[in-house]
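*Asks:* Provided herewith is a single structure, encoded as structure tokens, for subsequent inquiry.
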Amino acid sequence: MADSTSQTQWEPGLATARFPFVGSCSLKDDPETVATRIREALHLSETSSGRPGSPDEFFKFLRAQTEALGVYVLLVGDLGSHHSAVSEEVFRGFALADHRVPFIVINDQDARTARSFTLIHELVHIFLGQTGISGIPDHIAGNSPAAKIEQFCNDTASYVLLPRSFVTARPAILAKNEIKAALSFIEQTAKSWSVSEPLVAFRLRRLGWITPAMHQQFSNAFAKRWQDQKASTKAKNQMNEGGPNYYVVRHNRLGDALGSIDI
């Protein structure tokens, strides 16, 4: 089947078009093949030498390219104020796989480095035509239909952000299953590719290059580090008066697509 996603041209406010990429894939497809289609749709080149820039800059690029496809991308993590913030353990993101007005919502209470993965994970939902809400990876256990969808989206998103070319064979540094050596490799890979360390650890586990137990240990450590960072940031914010400009925050949350619409 020909890939028509790159031919789709979106105009702000155009809600009558049916976007052919919505529901264009299925769980019977190979995740790596779907990842290639998504990379092509986003004009994201596959490289073997990493990416320049920061995770924030990479996310902004992915968000802009996703919005250019016709998908609205929002950053929302509360019900109107910080008092009603919703933890990333409740939801990291959700996708509305509507053929005319597809939406992605990302929980901005989650780590900034995690946003690229959540964005692409939700975009895979849209390519599958599956509206859904996503939480912490691996929290849906078993062989249920929901678990199969989440695993497919996780695998596909990991291929989009970290293509097979990121490393051609299992590095010798991982051969002895040493914690410090593995952490060092994960840290350097995440930095080189502008992705999160949990994503790199997830990919290594799926490749069988680290054990499930080691992956769980890393996941717990990354989660604790993030919770500590959030607590520290919250304490600092309570000591400072004021905050960012309302309109800057509003545009950041709505994105260029919705932010450009006059209400």
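*Asks:* Where the second residue is crowded, with 19+ Cβ neighbours inside 10 Å and modelled with pLDDT under 90 and the first is more than 14 Å from residue 117 (Cβ to Cβ) and among the small types (Gly, Ala, Ser) and lies in segment 87-100, which pairs have Cβ atoms under 8 Å and are six or more apart or on separate chains?
*Replies:* Close Cβ pairs (under 8 Å, with a partner that is crowded, with 19+ Cβ neighbours inside 10 Å and modelled with pLDDT under 90) amount to 87/109.
*Asks:* In this structure, does residue 113 turn out to be modelled with pLDDT of 95 or more, not in a strand (DSSP E or B) and not aliphatic (A, V, I, L, M)?
*Replies:* no
*Asks:* Would you confirm, using the coordinates I've provided, whether residue 204 is surrounded by 14 or more Cβ atoms within 10 Å (Cβ to Cβ), out of contact with any Asp or Glu (no Cβ under 9 Å at 6 or more places or on another chain), aliphatic (A, V, I, L, M) and within 25 Å of residue 96 (Cβ to Cβ)?
*Replies:* no
*Asks:* Could I ask something else about it? Using the structure shown, decide if residue 103 is surrounded by 17 or more Cβ atoms within 10 Å (Cβ to Cβ), in contact with a Ser or Thr (Cβ under 7 Å, 6 or more places away or on another chain), of a type in the set (Phe, Trp, Tyr) and modelled with pLDDT of 90 or more.
*Replies:* Considered against the rule, which asks whether it is surrounded by 17 or more Cβ atoms within 10 Å (Cβ to Cβ), in contact with a Ser or Thr (Cβ under 7 Å, 6 or more places away or on another chain), of a type in the set (Phe, Trp, Tyr) and modelled with pLDDT of 90 or more, residue 103 comes out as no.
*Asks:* So, one more: If I ask for residues that are aromatic (Phe, Trp, Tyr) and either over 21 Å from residue 166 (Cα atoms) or in contact with a strand residue (DSSP E or B) (Cβ under 7 Å, 6 or more places away or on another chain) (or both), which ones from segment 203-227 would you list?
*Replies:* 222, 226
*Asks:* So in segment 15-51, with the set limited to residues that are farther than 28 Å from residue 146 by Cβ and polar (S, T, N, Q), which one is surrounded by the fewest Cβ atoms within 10 Å (Cβ to Cβ)?
*Replies:* 16
*Asks:* Considering segment 166-188 alone, what residues qualify as being polar (S, T, N, Q) and either part of a loop (DSSP other than H, G, I, E, B) or in contact (Cβ under 8 Å) with a residue 24 or more places away in the chain (or both)?
*Replies:* Initially, segment 166-188 is screened for residues polar (S, T, N, Q), giving 168, 177, 184, 188.
Scanning segment 166-188 gives 168, 177.
The values are calculated or read from the model by the stated rules, or taken from the named source; none is laboratory data. Predicted, not measured: the structure shown is a model, and the values here were computed from it. Cβ: placed from backbone, ideal geometry, glycine included. Neighbour counts: every protein chain shown.
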